[in-house]
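Here's the structure we're looking at; comments come further down.
The values are calculated or read from the model by the stated rules, or taken from the named source; none is laboratory data. From a predicted model like this one, the values you see are computed outputs, not experimental measurements. Quick reminder, even Gly has a Cβ in these numbers, built from the backbone with ideal geometry, and neighbours come from all protein chains shown. SASA here: full protein model, heavy atoms, side chains in, ligands and nucleic acids out. Shrake-Rupley method; radii C 1.70, N 1.55, O 1.52, S 1.80 Å.
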Amino acid sequence: MIEQDTIKLLRECDAGVKMGISSIDDVLDYVYATNFKERLIECRDKHLRLQSEIDELLKKYHDDGKEPNPMAKSMSYIKTNVKLIVNESDGTIADLITDGCNMGIKSLNKYLNKYVAADEKSKDIAKKLIKQEQDLLEGMRDFL
């Protein structure tokens, strides 16, 4: 049971971190404020480092991980582009990132509660990802 919950939690972290990286990449070219862009790049880089940790653990369990839900990814991409067409501003981007962070935090906490038998290392990774999302969320307040 421990191994199954560990793998399932790592898969969800894998999908979540990939979704976060993708979402940041989708908006970076539209950001005007230099400090805003730097904050997003810093978060993306932290996500990439965490993704490497997740990949290492998944390899240990001979698992390929999980891609983000294609429907969720498509909907996010469409929502981002429609909102930016209507109002291409840092405020719009901050709003989109805030929504994404909230969804990620909610989902990851749900999976932490669902996969209680996961090992501590996997739980720590999920908590790190939640913390990264919370930090980014707080950083968005300045741009809303």
### Task
For Lys83, list the lysines whose Cα falls under 19 Å from its own Cα; do not include residues on the same chain fewer than 8 positions away.
Lys37, Lys73
#### Entry: the range 40-88 - Kirkwood radius from inverse mean 1/r over Cα pairs (Å)
13.2 Å
### Query
Which of the lysines could be linked to Lys123 by a straight reach, that is with a Cα gap under 21 Å, when you skip same-chain ones fewer than 8 residues away?
Lys8, Lys18, Lys46, Lys59, Lys60, Lys66, Lys106, Lys110, Lys114, Lys131
## Note on the structure
Sorted largest first, the C-alpha extents of the chain along its principal axes in whole angstrom are 48, 27, 23
### Task
Would you mind computing, in nm to one decimal, how far apart the modelled labels at Asn69 and Val86 are, each placed 7 Å from Cα along Cα→Cβ?
2.2 nm
#### Entry: Part-to-part distance (alpha-carbon centres) for the range 105-137 and the range 1-60, which is given in Å
12 Å
### Cα pair count fraction exceeding 15 Å, expressed as % - the range 97-143
43 percent
### Summary
Rounded to two decimals, the Rg over Rh value of the range 9-85 from Cα coordinates and the Kirkwood Rh reads 1.04
### Query
If you count, for each residue, the other Cβ atoms within 10 Å and average over each peptide, how do 125-135, 40-50, 12-22 line up from highest to lowest?
12-22, 125-135, 40-50
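Tell me the carbon and sulfur percent of the accessible area for the range 28-144, rounded to whole percent, probe radius 1.4 Å.
Of all accessible area on the range 28-144, carbon and sulfur atoms account for 52 percent.
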### Query
Can you list, largest first and rounded to whole Å, the semi-axes you get for the range 64-127 by taking the square root of 5 times each eigenvalue of its Cα gyration tensor?
30, 14, 8
### Summary
Residue-normalised 222 nm signal for the chain, counting each DSSP H run of n ≥ 4 as -39,500 (n - 2.57), nearest 500 deg cm²/dmol, is -28500 deg cm²/dmol
### Task
Please find the FRET efficiency linking Glu56 to Lys110, where r is the Cβ-Cβ separation and R0 is fixed at 25 Å, and quote it to the nearest 0.05.
0.55
### Task
Pop out the ³J(HN,Hα) list for the range 6-21 in order, Karplus 6.51 cos²θ - 1.76 cosθ + 1.60 with θ = phi - 60°, rounded to Hz; leave Gly and Pro as x.
4, 5, 5, 5, 4, 4, 5, 5, 4, 5, x, 5, 5, 5, x, 4
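Per residue, how much accessible area does the chain show when a 1.4 Å probe rolls over the protein heavy atoms, in square angstrom?
57 Å²
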### Summary
Under the Karplus relation with 6.51, -1.76 and 1.60 and θ = phi - 60°, whole-Hz ³J(HN,Hα) for the range 46-57, x at Gly and Pro, equal 5, 4, 5, 5, 5, 4, 4, 4, 4, 4, 4, 5
### aspartates and glutamates with Cα under 20 Å of Lys121, excluding same-chain neighbours fewer than 8 positions away
Glu3, Asp5, Glu12, Asp14, Glu53, Asp55, Glu56, Asp63, Asp64, Glu133
